[in-house]
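First comes the structure, then the notes that go with it.
The values are calculated or read from the model by the stated rules, or taken from the named source; none is laboratory data. Note that this is a predicted model, so its numbers are computed, not measured. Heads up, the Cβs are rebuilt from the backbone with ideal geometry, glycines too, and the neighbour counts pull from every protein chain shown. Note: areas computed on protein heavy atoms with side chains; ligands, DNA, RNA excluded. Shrake-Rupley method; radii C 1.70, N 1.55, O 1.52, S 1.80 Å.
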Amino acid sequence: MTARGRAFAAEWRLTAALTLALTVLLSLTGVTQRFDNVLYDQVLRASPRPASDALILVVIDDKSLAEVGVWPWPRDVHAELIDQIAQGRPRAIAYDVLFVEPARNAGEDRALAEAVARAGKVALPLMVVTPGANGRAFDLVEPVGAIGRAAAALGQANLQFDPDGVVRRAAPSEQAGERRIPQLMEALIAIGNGRPKPKPATTKPASLEAGLVRATPRLIGFIGPPGSHRAIPAAAVLKGEVPPNLFTDRYVLVGATASGLHDRYATPTSGPTQITPG
């Protein structure tokens, strides 16, 4: 190799080393991730998609609280709401309200469990508490008694926050010992697609000490800003003002949007002055 060739090779090796060092530095400082996030946000905002007609929201909003009563509602009210929705034969229902403690009146729990069983296609949320009690890595807190047993599926609603506090992704499932816990929306889709209900938990306390194993989070394909999906007040459904066929063959998500009643998050499409209900 000529002297000129050796000099060129040395210069190329130096350039490659500097490039590698710069790449590692940018990765460690999170600069590339921030750039990716900004690009992702801009693409979502610049190319909004129409909301799917396959999904409809039934919201426990301020209007519903004013008409039905203060929160928490008696469980026989939730039972009536599920019955009203189920009349329309929806594809599946995700009822995003926690029922992890028994009601004061045991009859309310029975009424709700019976409504969930009659509907037959209801996904309910469970709580994943970390850390758990008595030194456990986590605890699973399921809907109480017959209510949980009547559900077609149980799911978790954990989210992942990026360093800037924005929610852009969610894990489709978490592994708790021997048990796979789907995200609540994954459970909803599974019910709608006719997949069999997972077998009951057989997780032993010892296996909980290992901690949760979260599946690789996926970017959420946000449709648009808050209000993009069709939403119906729960009070209107309870009063019979909504024709049952509106729910026919649709995925129905029931959840809270009332002020002070629910969690709100910054998302790529929520904008600087808006936050999105969970």
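With every protein chain in place and a 1.4 angstrom probe, the accessible-area ranking of 248, 257, 216, largest first, reads 216, 248, 257. Peptides 59-68, 98-107 ordered by packing proxy, namely the average of other Cβ atoms within 10 Å per residue, highest first: 59-68, 98-107. Under conditions of 4 °C and 1.567 mPa s, the range 55-164 yields 85 µm² s⁻¹ as its translational diffusion coefficient, taking Rh as the Kirkwood radius over Cα pairs in the Stokes-Einstein equation. If the segment from residue 118 to residue 70 were pulled out straight at 0.36 nm per residue, it would be longer than the present Cα-Cα gap by 14.6 nm. Using 0.36 nm per residue and subtracting the Cα-Cα separation, the extra length available between residue 175 and residue 259 on full extension is 26.9 nm.
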